[in-house]
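The values are calculated or read from the model by the stated rules, or taken from the named source; none is laboratory data. Just so it is clear, the model here is predicted, and its values are computed rather than measured. Neighbour counts run over all protein chains shown; Cβ positions are idealised from the backbone, glycine included.
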Amino acid sequence: MNTITRLGIAAALGLALAACSSVPEKTAAPAAAEKPAALKDAALAAAVKTALDADPSLKGFDIKVTGKGEDVKLDGSVASGADMAQAGMIAEKVKGVRYVDNNLMPKN
């Protein structure tokens, strides 16, 4: 084999090895993509909680609000069925809410 052929083979092998070593590793892109959704869920839940706390008849109750997409879930207990219905109506009116899962339990 002449020198030029050997250099060509060596160069080709070097390029092949360099190409293999430069393949990017998988990153945590899905986890990074989940963060904005989790932040949006938390922001929607916070907006609903703020609206509930602004109502004088509901302010004294510990109503837990969770969000997932455009859906919110209300958990806890309130004094009456009327308070339960009021909480559901307030939650439905918050911008971004599509569905309310009202699991509030009236005490009477």
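Looking at region 89-103 only, could you name the residues that are farther than 16 Å from Ala46 by Cβ and either more than 22 Å from the chain's Cα centre (by Cα) or assigned to a strand (DSSP E or B) (or both)? Passing the criteria: Met89, Tyr99, Asp101, Asn102, Asn103. The requirement of being surrounded by 11 or more Cβ atoms within 10 Å (Cβ to Cβ), under 17 Å from the mean Cα position of the chain (by Cα) and not small (Gly, Ala, Ser) is not satisfied by Asp53.
Among the residues making up region 56-86, none is crowded, with 17+ Cβ neighbours inside 10 Å, among the small types (Gly, Ala, Ser) and within 12 Å of Leu104 (Cα to Cα). Residues that are at pLDDT 95 or above and among the polar types (S, T, N, Q) within region 51-76 comprise just one, Thr66. The set of residues from region 92-106 being touching a strand residue (DSSP E or B) at 6+ places or on another chain (Cβ under 9 Å) and farther than 20 Å from Ala37 by Cβ comprises Glu92, Asn102, Asn103, Leu104, Met105, Pro106. Within region 66-88, the set of residues being in a strand (DSSP E or B), touching a strand residue (DSSP E or B) at 6+ places or on another chain (Cβ under 6 Å) and either more than 19 Å from Asp41 (Cβ to Cβ) or not basic (Lys, Arg) (or both) comprises Thr66, Asp71, Val72, Leu74, Asp75, Gly76, Ser77, Val78.
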